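One structure is given below, encoded as structure tokens.
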Amino acid sequence: QTFEKLLIANRGEIACRVIKTCKKMGIKTVAIHSDVDANAVHVKMADEAICVGPAPTSKSYLNMDAIMEVIKKTRAQAVSLNESICCSFLSPKNITSLSLQASEGVTFIGPDTHAIQAMGDKIESKLLAKNAKVNTIPGFDGVVKDADEAVRIAREIGYPVMIKASAGGGGKGMRIAWDDEETREGFRFSSQEAASSFGDDRLLIEKFIDNPRHIEIQVLADKHGNALWLNERECSIQRRNQKVVEEAPSTFLDPETRRAMGEQAVALAKAVKYSSAGTVEFLVDSSKNFYFLEMNTRLQVEHPVTECITGLDLVQEMIRVAKGYPLRHKQADIPINGWAIECRVYAEDPYKSFGLPSIGKLSQYQEPLQVPSVRVDSGIQQGSDISIYYDPMISKLITYGSNRAEALKRMEEALDNYVIRGVAHNISLLREVIIHPRFVQGDISTKFLPEVYPDGFKGHKLTDLERRELLATAASLYVVEQLRSQKFLGTPRIPIAQSKRSSWDLSVRLGDGIYPVAVSQDGSSFSVEVDGMKLNVTSKWNLASPLLSVTVDGTQRTIQCLSRNASGDTSIQFLGTVYKLQILTKVAAELSKYMPEKAAEDTSSILRSPMPGAVVAVSVKPGDTV
């Protein structure tokens, strides 16, 4: 016996994820949406869908009054809530509303309001963790009143310190301070961000653990006093305190440390009478000392990697617990089978601070589901809009293998086969992370990105062999297209197609260099001479497909030709990074040296935002001397 109808107060990939399990369990679903999400995937998947307001989340997905009305209107028996609503439960009004709905027979999928309130407040959660004998980070357990007190506390704890929002999450309202000046500035910015994100500007300060790992424990508890830990997730690859790549299990933990962390996580869950799926997050230092960070009272974005190695459907377990059933498993039943890795695919420009949001329409979109053991959790499709109103996540890309090397190899293949056009995306960054020697060896921390890319991410750095492969591929692709153009159009488009010969002398511009390339054809194959080396290039040359499998001297690559024109300008996604090339005939290459260089735009008098957003502070006023 289960619920007949469940309302999902969420959007995007997680809403779709809940709907899939509900369909499997025979539960009808109700989706809520904003006016701009009327054609969203989760709306189409649900049995019913109701608009709850305009695009801004505060007026739609976080509009508790509207959501309560939908619950009454649709007679939903259960409600699955989103992360931000969980944070907003700290409001007495919302807790009263939830209690009222509960008294009327509506069940909320997740823990009760007491657990949400206790764990949602970082100050209270830290005190509860201490009482439950959970390792905690040294720091100030009260509310910091002002910047002066923040400086005094920071000096007592000892720099560096972490200033963070009491009601926060997702990296918002967090600042690291290394001295008094940074503490004052961090207090101001963190309190502003906390107030705007959570409606609560209270801050706490604790010791900053330098160079740690971020490892979390998945817990599952029922209403009968039973609780399990479902192993760990390694979440150390982060930018701006937000996770980028996750995996399960961690390469770092030994069985004893894993058990100790799991037992402390369960102790905390039992201390707050927790009943549902939740995540207890820890910072782990190089000596395997671990410290409680926070508890997230919801289904985490990275939950699929836990599902992969345990075989459990966490959404189904949450629904069963909410219905009152006891857990079906014992701790000894929870396995670690294989290895799973998740990459968060974002509509972001990774060349700007490791990822600043990009907006636009997905003009072409194709998930790499043809790759074995790949799972894609997404809430978008071709034609979907990535807007300024919501998180720019495109999907969660998960690969599974019998071991870590196999899971990594499949992730590399999946990233190469992922087609995303119309917005900037972070595929290049994700691919570089998973093939980096430090990551492959498991030598990671939360500082991985700034340490590996101290000057910012620049894309893949081609080796000489890879550069030759790219040049040979681009030249071959160019010749194929020109010959095909002549065949179908009947007239040549450019000089290369004016003769019936089977060899051509070209030049390819890549970056600041121009490289002579000699191409000769043998059926569907090409022999290409670059830097005095001959390379054999073969492919089916299906130019209509967004993906092209090319073999160069026995090495198979999946590339994407993003754009090309009759002038020889070509953009190719190769090894995850997009390269702009220009293929020139011999005459064009000679003439190009006489072309004047385009002058760079003078931006000295321009203030330009690197991303869409809201201005939260202006530090000057008319009349000030700058």
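Quickly run through segment 218-245 and pick out the residues that are under 18 Å from Leu293 (Cβ atoms), charged (D, E, K, R) and open to solvent by less than 40 Å² (accessible area, probe 1.4 Å).
Glu232, Arg233, Glu234, Arg239, Lys243
I'd like to check something: does segment 283-291 contain any residue that is of a type in the set (S, T, N, Q) and farther than 19 Å from Asn135 by Cα? I'd like the intermediate steps shown before the answer.
Quick first cut of segment 283-291, residues of a type in the set (S, T, N, Q) only: 286-287, 289.
Then keep just the ones that are farther than 19 Å from Asn135 by Cα; that gives none.
Checked against the condition, which is being of a type in the set (S, T, N, Q) and farther than 19 Å from Asn135 by Cα, segment 283-291 yields no hits at all.
Taking segment 570-595 on its own, how many of its residues are of a type in the set (Phe, Trp, Tyr) and open to solvent by less than 20 Å² (accessible area, probe 1.4 Å)? It would help to see each step written out before you state the result.
Our first condition is that a residue be of a type in the set (Phe, Trp, Tyr); within segment 570-595, this holds for 574, 579, 594.
Imposing the further condition that a residue be open to solvent by less than 20 Å² (accessible area, probe 1.4 Å) reduces the set to 574.
Summing the residues that are of a type in the set (Phe, Trp, Tyr) and open to solvent by less than 20 Å² (accessible area, probe 1.4 Å) in segment 570-595 gives 1.
If I filter segment 125-162 down to residues being open to solvent by less than 60 Å² (accessible area, probe 1.4 Å) and part of a strand (DSSP E or B), which single residue comes out as farthest from Ala115 (Cα to Cα)?
In this case the residue turns out to be Val161.
State the number of residues belonging to segment 50-69 that are among the aromatic types (Phe, Trp, Tyr) and not in a loop (DSSP other than H, G, I, E, B). Spell out how you get there, then give the answer.
Taking segment 50-69 as the starting set, the residues that turn out to be among the aromatic types (Phe, Trp, Tyr) are 61.
In the following step, the residues that additionally are not in a loop (DSSP other than H, G, I, E, B) were identified as none.
Adding up the residues that qualify gives 0.
Can you report the number of residues in segment 424-466 which are open to solvent by less than 60 Å² (accessible area, probe 1.4 Å) and assigned to a loop (DSSP other than H, G, I, E, B)?
Total meeting the criteria: 15.
Which one is nearest to Arg320 (Cα to Cα) among residues in segment 246-265 that are surrounded by 23 or more Cβ atoms within 10 Å (Cβ to Cβ) and hydrophobic (A, V, I, L, M, F, W, C)?
Ala265
If I filter segment 21-37 for residues that are buried (at least 19 other Cβ atoms within 10 Å of the Cβ), assigned to a helix (DSSP H, G or I), on the phi < 0 side of the Ramachandran plot and in contact with a strand residue (DSSP E or B) (Cβ under 9 Å, 6 or more places away or on another chain), do I get at least one hit?
For segment 21-37, residues buried (at least 19 other Cβ atoms within 10 Å of the Cβ), assigned to a helix (DSSP H, G or I), on the phi < 0 side of the Ramachandran plot and in contact with a strand residue (DSSP E or B) (Cβ under 9 Å, 6 or more places away or on another chain): present.
Can you name the residue in segment 163-190 that is open to solvent by less than 20 Å² (accessible area, probe 1.4 Å), part of a helix (DSSP H, G or I) and in contact with a Lys or Arg (Cβ under 8 Å, 6 or more places away or on another chain) and is also farthest from Asp210 (Cα to Cα) among such residues? Please lay out each step first, then the result.
Here is the first cut: in segment 163-190, the ones open to solvent by less than 20 Å² (accessible area, probe 1.4 Å) are 163-169, 171, 173, 177, 183, 186, 190.
So of that shortlist, the ones also part of a helix (DSSP H, G or I) come out as 183, 186, 190.
Filter once more, keeping what is in contact with a Lys or Arg (Cβ under 8 Å, 6 or more places away or on another chain): 186, 190.
Values: Gly186: 17, Ser190: 20 Å.
Residue satisfying both the conditions and the ranking: Ser190.
Mind checking which pairs have a first residue in segment 406-427 that is more than 18 Å from Ser563 (Cβ to Cβ) and free of Cβ contacts under 8 Å to residues at least 60 places away in the same chain and a second that is open to solvent by less than 20 Å² (accessible area, probe 1.4 Å) and outside any strand (DSSP E or B), Cβ under 7 Å, 6 or more apart or different chains?
Partner pairs satisfying both residue conditions: Arg410/Val371; Glu412/Arg431; Glu412/Ile434; Ala414/Pro368; Ala414/Val371.
Please determine, by comparing only the residues of segment 283-329 that are without any contact (Cβ under 8 Å) to a residue 60 or more places away in the chain and in a loop (DSSP other than H, G, I, E, B), which one is farthest from Ala248 (Cα to Cα).
This residue is Arg328.
Identify the residue in segment 554-566 that is open to solvent by 10 Å² or more (accessible area, probe 1.4 Å) and touching a residue at least 24 places away in the same chain (Cβ under 8 Å) and, among all such residues, is farthest from Leu415 (Cα to Cα).
Quick first cut of segment 554-566, residues open to solvent by 10 Å² or more (accessible area, probe 1.4 Å) only: 554-558, 561-566.
Still in the list and also touching a residue at least 24 places away in the same chain (Cβ under 8 Å): 555, 557-558, 561-562, 564, 566.
Values: Thr555: 17, Arg557: 12, Thr558: 10, Cys561: 15, Leu562: 15, Arg564: 22, Ala566: 29 Å.
It comes out as Ala566.
Which of the residues spanning segment 517-552 are touching a residue at least 60 places away in the same chain (Cβ under 8 Å) and not hydrophobic (A, V, I, L, M, F, W, C)?
Asp531, Ser539, Pro546
Among the residues of segment 294-307, how many are closer than 18 Å to Arg258 by Cα, of a type in the set (A, V, I, L, M, F, W, C) and either in contact with a Lys or Arg (Cβ under 9 Å, 6 or more places away or on another chain) or assigned by the TED database to the domain that holds Met174 (or both)?
Number of matching residues: 1.
So which residues in segment 191-207 are open to solvent by less than 30 Å² (accessible area, probe 1.4 Å) and out of contact with any Leu (no Cβ under 9 Å at 6 or more places or on another chain), if there are any at all?
Leu203, Leu204, Ile205, Glu206
The values are calculated or read from the model by the stated rules, or taken from the named source; none is laboratory data. All figures in this text were calculated on a predicted structure; none of them were measured in a lab. Because the Cβ atoms are built from the backbone with ideal geometry, glycine has one as well, and the counts that use them run over all protein chains shown. Surface accessibility is based on the protein's heavy atoms, side chains included, excluding ligands, DNA and RNA. Shrake-Rupley method; radii C 1.70, N 1.55, O 1.52, S 1.80 Å.
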